[in-house]
């Protein structure tokens, strides 16, 4: 009997091992294990890694590139449920276009949070809106969600107003005829009103608070504000030239977005314009009265997190002596009440970015140099920033991976590529289509 029991136990154990092995084989098939290295290379290439970069150790990359590695790993694993929180942060436009196509064709469940409306439109088939501790699901992409929600709220407001009118009329009738010859009608209407109230009336539509940002008027200065003449730049004698023979001008009516492949030198050009870097060759001539304000991805790292936003701004701008005046200044950027006086370490990344925007605005610059300003900002704040830039009376040079922001604020597109800067003949949407076609050509199977 013991031998039989032992045989059954071993048989069951063997069956479980076979089932587990079968699951492993199925998972390896799902991952195309025989093509794993090529697939990993394709994903990394799509996210901007060159062949040389793909062989570097992760510890040698900056934080932004490590985020790309983490994103590549999540895509490579191809899980049944993929959760992405702001996947376009730290990506350039080329990588955003590739990722949009990759996720659009993702065959499994994808749930993501993103501040990029353009990206949401390209990827999502459903939008989940979290409000008042409830989730509301809308079919379609982000634009469809906005339109559907507006229509629903319009209909809800009409129904609310109709119900309130009916309640007011009924109460008026009851008050007028409750004890007269038409008392029976009044009692009937009172019962109808009671049933109406019991079943629940339509809630009034309460519009979410909208944020309004603004940059102060810097005043006028005579052109030219800034002239780039025969500029070339490289970081050292042992490195390649990033730019050669640049010639262009910037004035107070300039509204330009810098685009181009990763490593082309978009942020470097902003630093050259902003005087954080000096040209290797040529010269950059600036109007003696020109004030520039540069917002960049690492600006929040310079904040003293032990200070409150209010104390930090008072420390930076000693000409503002009244705290109430500084409170109003910070309040324009969506930080109110306790958010102004608590240590900045208790603020979210997005709130710290708002502190930096307030700091930038109060320098009253003639020229805004914005390097990826949308990282960590929500959609409402990005829209408010776009409105503030559109109403700004100075100039702007922008680097961003957010196609919608570029479309809203830039009237010219400059492509940084092949050591030079050239104006793109179309708008940002035509440039996106160019990137999509270029990406499809790069990833098309080679003909033998």
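The values are calculated or read from the model by the stated rules, or taken from the named source; none is laboratory data. Model, not experiment: these values are computed from the prediction. When we count neighbours, we look across all protein chains shown, and the Cβ atoms used for this are built from the backbone with ideal geometry, even at glycine.
When every residue of region 123-137 is checked against the conditions, at least one turns out to be touching a helix residue (DSSP H, G or I) at 6+ places or on another chain (Cβ under 6 Å), within 29 Å of residue 104 (Cβ to Cβ) and either surrounded by 14 or more Cβ atoms within 10 Å (Cβ to Cβ) or free of Cβ contacts under 8 Å to residues at least 40 places away in the same chain (or both). Residue check: residue 426 meets all listed conditions (1) in contact with a strand residue (DSSP E or B) (Cβ under 9 Å, 6 or more places away or on another chain); (2) in contact (Cβ under 8 Å) with a residue 24 or more places away in the chain but one, namely (2). Taking first residues from region 37-66 that are on the phi > 0 side of the Ramachandran plot and partners that are part of a loop (DSSP other than H, G, I, E, B) and surrounded by 15 or more Cβ atoms within 10 Å (Cβ to Cβ), the Cβ contacts under 6 Å between residues at least 6 apart in sequence or on separate chains come to 48/262.
Scanning region 215-257 for residues that are out of contact with any strand residue (DSSP E or B) (no Cβ under 8 Å at 6 or more places or on another chain) and within 30 Å of residue 334 (Cα to Cα) returns 216, 217, 218, 219, 220. Taking each residue of region 319-336 that is at positive phi and looking for partners that are part of a helix (DSSP H, G or I) and surrounded by 14 or more Cβ atoms within 10 Å (Cβ to Cβ) with beta-carbon atoms closer than 6 Å, six or more apart or interchain, yields 334/354.
Could you tell me whether region 198-214 includes any residue that is assigned to a helix (DSSP H, G or I) and either touching a helix residue (DSSP H, G or I) at 6+ places or on another chain (Cβ under 8 Å) or at pLDDT below 90 (or both)? Taking every residue of region 198-214 in turn, at least one turns out to be assigned to a helix (DSSP H, G or I) and either touching a helix residue (DSSP H, G or I) at 6+ places or on another chain (Cβ under 8 Å) or at pLDDT below 90 (or both).
One line per residue, one yes/no per condition, for (1) closer than 30 Å to residue 93 by Cα; (2) part of a helix (DSSP H, G or I); (3) assigned by TED's automatic domain parsing to the domain that holds residue 292:
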| site | (1), (2), (3) |
| --- | --- |
| 304 | no, no, yes |
| 345 | no, yes, yes |
| 357 | yes, yes, yes |
| 360 | yes, yes, yes |
| 369 | yes, no, yes |
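Checking the structure you have, find out if any residue of region 247-260 is touching a residue at least 12 places away in the same chain (Cβ under 8 Å), closer than 30 Å to residue 90 by Cβ and part of a loop (DSSP other than H, G, I, E, B). Checked region 247-260: at least one residue is touching a residue at least 12 places away in the same chain (Cβ under 8 Å), closer than 30 Å to residue 90 by Cβ and part of a loop (DSSP other than H, G, I, E, B). In the set 276, 229, only one residue is part of a loop (DSSP other than H, G, I, E, B) and at negative phi; that residue is 276.
With the checklist (1) buried (at least 16 other Cβ atoms within 10 Å of the Cβ); (2) in contact (Cβ under 8 Å) with a residue 40 or more places away in the chain; (3) more than 22 Å from residue 224 (Cα to Cα) in hand, flag the one item residue 241 doesn't pass. Among (1) buried (at least 16 other Cβ atoms within 10 Å of the Cβ); (2) in contact (Cβ under 8 Å) with a residue 40 or more places away in the chain; (3) more than 22 Å from residue 224 (Cα to Cα), the lone unmet condition for residue 241 is (1). With respect to residue 398, determine if the residue is within 24 Å of the chain's Cα centre (by Cα), modelled with pLDDT of 95 or more and not assigned by TED's automatic domain parsing to the domain that holds residue 91. Yes, satisfied. For region 303-313, a residue qualifies if it is over 13 Å from residue 349 (Cα atoms) and surrounded by fewer than 19 Cβ atoms within 10 Å (Cβ to Cβ), and the qualifying residues are 304, 306, 307, 311.
Got a number for residues in region 95-115 being under 14 Å from residue 375 (Cα atoms) and in contact with a helix residue (DSSP H, G or I) (Cβ under 7 Å, 6 or more places away or on another chain)?
First, the residues of region 95-115 that are under 14 Å from residue 375 (Cα atoms): 96, 113-115.
Remaining after also requiring in contact with a helix residue (DSSP H, G or I) (Cβ under 7 Å, 6 or more places away or on another chain): 96, 114-115.
Qualifying residue count, region 95-115: 3.
In region 261-297, of all residues being free of Cβ contacts under 8 Å to residues at least 60 places away in the same chain and touching a helix residue (DSSP H, G or I) at 6+ places or on another chain (Cβ under 9 Å), the one that is surrounded by the fewest Cβ atoms within 10 Å (Cβ to Cβ) corresponds to 278.
Evaluated against (1) surrounded by fewer than 20 Cβ atoms within 10 Å (Cβ to Cβ); (2) at pLDDT 90 or above, residue 349 falls short on exactly one condition, (2). The set of residues in region 321-335 being surrounded by 14 or more Cβ atoms within 10 Å (Cβ to Cβ) and outside any helix (DSSP H, G or I) consists of 332, 333, 334, 335.
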